[in-house]
Amino acid sequence: MAGSNKPPPAVYQLGRHVGMPDAPETAVLERVANPHCDTLYTARFTAPEFTSLCPVTGQPDFAHLVIDYVPKAWLVESKSLKLYLSSFRNHGAFHEDCTVAIGKRLADLLHPHFLRIGGYWYPRGGIPIDVFWQTGTCPEGVWLPDQGVQPYRGRG
């Protein structure tokens, strides 16, 4: 379903050889049924080597992404998430755009109780940029650990 944010009717990437998507817009994110939809819990994905391109210079940008969500009926299928995140490697966008777009795309796919993403970007022009986005408030009683990424300190 190139160009569509709607999930395909069935998971088709898992267990198959699938090429790298050309761009985030053409990447297919898939979801699977949550076998514990009656339980509130947090799921976390960490991408410590996320890469995109500066939209002005074309130089690579690097980030450590942490995605936490409290699922309802759906879970993101992890292979499709890996392919989606990898599709940013040749995509030019500012840090804020990458981080928020990933969060919104996952929220649109999963309709979770709660989702947050932290984008901890390595310095560009000597300034690290950290970007945070969430869907609302985490349900009461759900353990939401700190994202555990230290502020950038350089050689300090």
Point to revise | Number of positions in the range 59-88 that are of a type outside the set (V, I, T) and part of a strand (DSSP E or B) | key: 10
Review point. Which one is nearest to L106 (Cα to Cα), of the residues in the range 43-70 that are at pLDDT 95 or above and of a type in the set (S, T, Y)?
Key: Y69
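Restricting to the range 30-52, name every residue that is in contact with a strand residue (DSSP E or B) (Cβ under 9 Å, 6 or more places away or on another chain), in a loop (DSSP other than H, G, I, E, B) and among the hydroxyl-bearing types (S, T, Y).
In the first step, residues of the range 30-52 are kept if they are in contact with a strand residue (DSSP E or B) (Cβ under 9 Å, 6 or more places away or on another chain); the result is 30-35, 37, 40-52.
Add one more test, that the residue is in a loop (DSSP other than H, G, I, E, B), and what stays is 30, 34-35, 37, 40-42.
Y41, T42, listed by residue number.
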Exercise for review: Of the conditions (1) closer than 19 Å to Q134 by Cβ; (2) in a loop (DSSP other than H, G, I, E, B), A27 clears all except one; give me its number.
Suggested key: (1)
**Study point:** Qualifying residue in the range 71-86 (condition: surrounded by fewer than 13 Cβ atoms within 10 Å (Cβ to Cβ), more than 17 Å from Y122 (Cα to Cα), at pLDDT below 95 and over 18 Å from the mean Cα position of the chain (by Cα))
**Key:** no
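Conditions tested, residue by residue: (1) touching a strand residue (DSSP E or B) at 6+ places or on another chain (Cβ under 8 Å); (2) closer than 27 Å to G19 by Cβ; (3) not hydrophobic (A, V, I, L, M, F, W, C).
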position	(1), (2), (3)
W74	yes, yes, no
H91	yes, yes, yes
L115	yes, no, no
I127	no, no, no
Check your understanding: Which residues, taken from the range 110-133, are within 16 Å of the chain's Cα centre (by Cα), closer than 24 Å to C54 by Cα and of a type outside the set (F, W, Y)?
Key -> R116, I117, G118, G119, D130, V131
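The values are calculated or read from the model by the stated rules, or taken from the named source; none is laboratory data. Small disclaimer: the values here were computed from a predicted structure and weren't measured. Ideal geometry is used to build each Cβ from the backbone, glycine not excepted, and the neighbour counts take in all protein chains shown.
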